[in-house]
Each structure stands twice: as C-alpha cells, then as structure tokens.
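Engineer: Below is the structure I would like to discuss, written out as structure tokens.
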Amino acid sequence: MSKLTPPLPKFLRPAPPRPSEKERSSDNGEPNGKPGRADKLRESAGEGGAQVVGWLDERTGASPFLRGALYRKVPKGTNWFYTLGSATMFAFVSQAVTGVFLAMYYNPDATRAYESASHITNEVFLGELVRGMHKWGSTVMIVLLFLHMARTFVFGAYKYPRELNWVIGVVLLVLTLAMGLTGYLLPFDQRSYWATIVAVNLNASAPLIGPFLADFLRGGGEFSATTITRFYALHMLLIPGLIAALIGAHLYLVAKLGTTAPPWLRAEKKELTKEEI
Amino acid sequence: MNAREKEEYLREYSILKTQGKPFFPYAVFKDTAMAAITLGVIILMAVLLGAELGPKADPTTTTYSPRPEWYFFFLFELLRVVKPPELVFMATLGIPTIWLMMLLLLPFYDLGPERHPLKRPIAMIGAVATVVGMAYLTILGAVAGSPAVIELEVAPRYEEGKLVTASQGCLGCHKIGESGNTLGPNLTHIGDRLGRDAIVRTLLNPTAPMPPYVDLQEESPEQFEQLVGFVASLKEEMPPPEESEPAEQASAEQK
Ligand code: HEM
C-alpha cells in the first residue's frame with residue numbers, strides 16, 4: 001500500500017513542536033510535573049480535528065485512498081482543457097441541487113404540472129432564478145460535455161488503456177440527452193407538450209423496438225396522464241441515478257489510470273537515465 | 001496496438017507522470033476556477049434569459065408547431081434534409097444510431113498507437129466532418145421552423161388552417177411553398193386548379209397512395225374546414241397578409 005501511496009507534501013506534514021511550546025506546557029503544570037487540567041483541555045481542543053480524522057480513518061481506512069487520489073501526480077503538460085470533465089460534473093451537481101429545489105414545488109400531475117411550474121416561476125421566492133438555472137444549466141452541461149468529448153478525442157485519450165472510460169463516457173452522453181428529452185415535457189406548456197409528442201413519435205418509427213420504446217415512454221398507446229408521471233420518474237430518479245453511478249465509475253478509472261499527457265509531449269530521456277541509475 | 005507498443009506507452013506515460021505535479025493543489029485549483037466560471041455562466045444565463053413558460057399544453061389543438069431543445073435541432077433537421085418518405089426512418093433513427101455506434105466502438109476499431117491529432121488524419125477528418133455536419137444542421141434548425149411547419153406568409157384567417165395542414169402530414173408528400181416533399185403534386189398554387197369542393201372530394205376519396213382524411217372530417221369538422229380553406233386559398237396571387245388584417249379585425253369586432 002505504502003508504495004502506491006504518494007508521500008504527503010512537505011507543507012502538510014506535522015511540524016515538530018517548537019521549543020517554546022514545550023516550555024509553556026511545563027509552566028502551567030502542577031508542581032509534581034504532571035500536566036494540569038487546563039493543559040489537557042487545551043491539548044485535546046487543539047487535537048480535536050486530528051482526533052476525529054484519526055477516528056474515522058481507523059474505522060474506514062479511507063486516508064490512503066484519499067491521499068492517493070489527492071496527491072497522485074498528474075502528468076506533465078496537464079492544462080486547462082483537462083478541467084472540462086470536472087466542469088461537466090460540476091454542472092451535473094448544479095442540476096441536481098436546483099432540481100431538488102424544483103421538486104419541492106413541482107407537481108407531476110397532468111392537471112397540475114403547468115400550474116405548479118407557473119407557481120414556481122411567478123410566486124416562489126427566487127423560483128424563476130432556480131428554474132432558469134436548471135433550464136440553462138442543461139445547455140451548459142451539454143456544451144461542456146461535447147467540449148470534454150472533443151478534448152479526449154483530439155488527445156487520443158480513448159486509446160489503450162482508457163477504452164472503457166470512453167465507452168462509459170458515450171453512455172453518459174446518451175443519458176444526458178435523455179435527461180434533456182424527459183425534462184422538456186415537465187413544464188407542460190404547449191411547446192414542451194408538442195415537441196415531446198413529436199419526439200416520441202419519432203421513436204415509434206424506429207424499426208423493431210421503436211413501437212415498444214414509444215409505448216414505454218408514453219405509458220400506453222396514447223399520450224395520457226401517466227406519460228408525465230412516467231417522464232418525471234425517469235427524469236428525477238432513474239436517469240440521474242444511472243448518471244451518478246457512471247460518473248463514479250468514470251472517475252474511478254480516471255484516478256486509477258491517470259489522465260493522458262498531451263500527445264505532443266515526450267518524456268525527457270535525460271531524467272530517465274538519471275532515475276534508472 | 002501490439003504488446004510492445006502498449007508496453008512502450010505505459011513506460012513513457014509513467015515517466016511523464018513522475019515529471020508532473022501533484023493533483024492537489026495544482027489541478028484542483030484549475031478545476032475549482034472552472035467550476036466557479038461554470039456556476040457564473042449558469043447564473044448569468046438564468047438572470048439574463050429567464051425561464052419562460054408558454055401557454056398551457058392543450059391536447060385538443062393540433063395547431064401548435066413543435067420546437068425541441070436546441071441540442072435536438074440536428075435530429076429534427078435531418079428529417080427535412082432527407083426527402084423520400086421511404087428513407088425517413090433512416091433520418092430519424094438510422095443515421096443517429098449508426099453515428100452513435102461508431103462513437104461507442106471508436107476505441108475498438110481505431111487501434112493505431114499514434115495519439116497526436118495531426119498524425120491521425122482519418123480520425124480527425126471524420127471528427128471535423130461530423131462536427132461541421134451537426135453544426136450545420138443545428139444552425140439550419142435554429143433559423144428554420146420545425147419540420148412540420150409550412151414556411152409561407154398567409155392571411156391571418158388562414159393561419160389556423162396552415163397549422164392544421166402542417167400537423168396532418170401533407171408535407172410528407174406535397175410541396176407547399178419551400179417546405180415539403182415532391183412525391184405528390186405541388187400544392188403551392190393548387191387553388192388555381194381546384195376549387196374547394198374538388199379539394200374536399202380529393203381528401204375524402206383520394207387516389208392511392210394518398211390516405212383518405214375521412215376521420216379528420218368526422219372527428220374535428222372545424223379543423224377539416226380550416227384545412228380545406230387554407231389549401232383552397234393557395235393561389236398564384238395571394239392576398240398580401242398585412243392588408244387583410246384590418247378587415248379581419250373589423251369583422252371580429254362586429255361580432
Ligand atoms: C456526465 C458526463 C461526464 C463527466 C462528469 C466526465 C468527467 C470526467 C473527468 C472529471 C475526467 C478527468 C479528466 C478531464 O477532466 O478531462 C474525465 C476523463 C475522461 N473522460 Fe469524461 N466525463 C463525462 C463524459 C464523457 C464523455 C461523453 C466522454 C467521451 C465519449 C468521456 C471520455 C473521457 C475519457 C476518454 C477520459 C480520460 C481522459 C484522459 O485520460 O486524458 N467522458 N471525465
């Protein structure tokens with residue numbers, strides 16, 4: 001394990017006590033040299049944080065993993081393009097947070113959906129801002145997703161040994177688009193309703209599975225009251241759950257395999273010989 | 001990539017990695033800055049562009065032209081670009097499915113060891129062509145209406161009929177103005193050739209492959225009337241839309 005775990009950088013290693021600190025504690029001590037109560041309190045207060053961390057670590061064994069994740073080296077040449085993946089993830093988190101607040105007021109009932117959406121927009125405190133952030137957040141997330149994909153493509157990052165991460169990424173892309181499709185119906189205004197009808201009918205025209213897929217989405221042969229509850233369940237439970245799980249797998253692989261170096265960089269052979277000696 | 005190339009890559013990579021910097025704080029700093037920019041952009045867009053809510057969904061009108069989220073424009077637009085009806089399923093599902101499969105399986109057929117973009121000309125040309133194609137379709141979709149829209153200026157009293165006509169799929173086989181396909185006769189000036197009654201007769205008892213529209217007449221006669229009115233109005237010399245507006249309003253006020 002210790003071989004896999006990089007050492008803590010200098011500034012995080014515990015500093016040895018200064019001479020003055022040692023003196024101070026003996027000053028306040030009782031005559032017999034045992035530390036006083038005030039001393040103990042002060043000491044334990046100071047170490048409280050460290051103790052909690054230690055307690056957790058003793059029971060979870062998390063610190064080698066955390067250390068491995070935080071202090072692993074990223075290869076030479078890592079630049080701003082490498083932030084696009086984490087920015088996508090941040091946009092997803094923002095969608096999740098604003099989505100939770102919307103869900104507090106939204107009502108996925110065909111007769112109430114529009115009214116609750118308009119209640120959010122017009123009456124709830126900051127409601128329009130949160131709805132706007134959720135709506136435009138989807139656009140931002142899609143843009144970042146495509147840019148991130150372009151980055152990994154141009155850098156050849158889908159090649160050995162990161163093939164699986166690319167495959168997971170494509171599934172994430174499809175799921176994110178599915179979020180856009182299912183979410184679009186929920187405000188239940190004319191635009192979202194008719195766009196969704198057309199989209200579902202397009203699905204129905206697919207060979208073989210098309211009609212089944214359309215029936216599944218609609219919750220029957222016709223667009224009905226169940227359709228909106230079904231879209232709601234997909235939009236806020238199933239698909240985001242899958243996305244979160246797959247992001248976890250995606251990041252696990254990133255941490256395990258490391259990110260690629262820019263393909264135009266070559267390792268400096270001089271240092272290689274130095275290390276090999 | 002063969003075993004030797006894999007070995008070579010891993011060795012090279014491990015050296016580049018030891019020459020790098022720790023993830024914390026260097027990469028974390030950049031990621032945090034990017035997250036702050038992302039949040040800023042989202043809030044800015046929310047404040048500037050707001051969250052509009054159109055009129056409530058009304059399943060009884062078929063007269064609303066659907067418009068998807070912008071990142072689906074290219075799919076809707078493919079529909080319009082691919083004309084022959086027997087190929088439409090290719091546009092809606094065939095091309096996207098093939099594209100998605102090629103994307104998914106990319107690491108399994110692009111096996112060369114080369115990673116530099118300039119030394120992977122085929123991959124880069126394919127990618128640039130895809131991006132240009134999708135961007136082109138998205139822009140087309142953004143400037144045009146949805147595929148079930150007839151792009152034609154008409155007098156306001158024919159607006160409803162225009163939307164009904166578009167929603168009934170006549171464009172699948174007929175051309176009206178710039179929109180639609182060319183399987184059936186062009187209907188742009190059909191009013192000059194056929195009168196109202198002849199059009200009704202065609203709709204109720206058409207020659208194959210045109211489907212009959214008896215159901216529409218029975219289930220929503222009002223929409224059927226609007227449709228016929230619109231189709232019959234399609235003449236070489238259309239009344240200019242602006243002039244007929246006051247008359248329309250006046251007649252509405254009289255009622
Ligand atoms: C919800 C969507 C996604 C999230 C949150 C996400 C997140 C990340 C993060 C944080 C990284 C670390 C390196 C970086 O930021 O560039 C990464 C790497 C990677 N991602 Fe994604 N990603 C997503 C979607 C995708 C998609 C759509 C693809 C491609 C089809 C993809 C392919 C990859 C690959 C190949 C790597 C490895 C890059 C390297 O080693 O240099 N990801 N992802």
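Values in this text are rule-based calculations from the coordinates and carry no lab data. Since we're looking at a predicted model, the values are computed, not measured. Note: ideal-geometry Cβ built from the backbone for every residue, glycine included; neighbour counts use all protein chains shown.
Engineer: log₁₀ I(q)/I(0) of segment B:1-48 at q = 0.19, 0.29 Å⁻¹, via Debye over equal Cα point scatterers, no solvent, to two decimals?
Structural biologist: Relative scattering, expressed as log10 I(q)/I(0), comes to -0.71, -0.95.
Engineer: What is the distance, in nm, between label points placed 7 Å from the Cα along the Cα-to-Cβ direction at residue B:225 and at residue B:43?
Structural biologist: The two pseudo-label positions are separated by 5.6 nm.
Engineer: Mind sorting B:58, B:197 by how few other Cβ atoms lie within 10 Å of their own Cβ, fewest first?
Structural biologist: Neighbour counts put them in this order, fewest first: B:197, B:58.
Engineer: Sticking with this structure for a sec: Measure out, as a whole number of angstrom, how far apart the alpha-carbon centroids of segment A:49-70 and segment A:189-238 sit.
Structural biologist: 47
Engineer: Further question: Using the count of nearby Cβ atoms within 10 Å as a rough guide to exposure, how do B:13, A:158, B:109 rank from fewest to most?
Structural biologist: In order of increasing Cβ crowding within 10 Å: B:109, B:13, A:158.
Engineer: Set the bar at 19 Å for Cα to Cα. Now go through A:256/B:17; B:17/B:119; A:159/B:119 and name every pair that lies beyond it.
Structural biologist: Violating the 19 Å limit, Cα to Cα: B:17/B:119.
Engineer: If amide H atoms are built 1.01 Å from N in the plane of the peptide, which residues on other chains or at least 5 residues away come under 5 Å of the amide H of residue A:189?
Structural biologist: For residue A:189, the qualifying residues are B:57.
Engineer: Which ordering of B:237, A:128 is given by a fewest-first count of other beta-carbon atoms within 10 Å?
Structural biologist: Fewest-to-most ranking of B:237, A:128: B:237, A:128.
Engineer: Taking Cα atoms of segment A:80-257, Rg/Rh with Kirkwood Rh, to two decimals?
Structural biologist: Here the Rg-to-Rh quotient is 1.01.
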